[in-house]
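Below is one structure, written out as structure tokens; comments come after it.
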Amino acid sequence: MKRIIFFVFVIFHSVNIKATNLPLDSIKQSIISFLVEEERYPQPSKIDDFCNCLILNSKSKVEIRQGSEGVFLFFSLSEHGNLHFILIEKDKCRIINMIDPFEKNLMILMAFMKKHHYSKGDIYLYLSEFVRVIEHNKNN
């Protein structure tokens, strides 16, 4: 019985480590501020106007939820419809402006994946997605 309780505690503890402390509204506000600054958002707006469905987990394509952590894609609400990445950690997030130079963005993404010990398979998946986003943005 003690082993079962210990095992459940370890699993519960590991799941909690993966959750971010950042409120979802804070993440959305970071994205809105970025888009307004880049002139890729129609106008300053309320956080509630920016739907969670515009922020997707890059791997699973599931919309962001409170406590989400990892590599996410988000859409700009401009005529160009560019895609960008946001890297969400336990206590901070960082936007990768996909208009910036390829090498700079690649280094940011690789450093994030190295820091969080992503598997080779996941690294390949995210790099493929990274290239796909670059191609998407070129065509818009």
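Okay, here's what the table says:
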| read-out | value |
| --- | --- |
| Likely footprinting exposure, Phe102, Phe112, fewest C-beta neighbours within 10 Å first | Phe102, Phe112 |
| Length-normalised contact order for segment 20-138 - Cα pairs under 8 Å, 6+ apart - percent | 21 |
| Residue exposure sequence - Val62, Val71 - by fewest surrounding Cβ within 10 Å | Val62, Val71 |
| Rounded to whole Hz, the Karplus (6.51, -1.76, 1.60) HN-Hα couplings of segment 28-36, x for glycine and proline | 5, 5, 4, 5, 4, 4, 4, 5, 5 |
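Laboratory data are not the source of any read-out in this text; all were calculated from the coordinates shown. These figures come from a predicted structure and were not determined experimentally. Cβ coordinates were reconstructed from backbone atoms using ideal geometry, including for glycine residues, and neighbour counts include every protein chain displayed.
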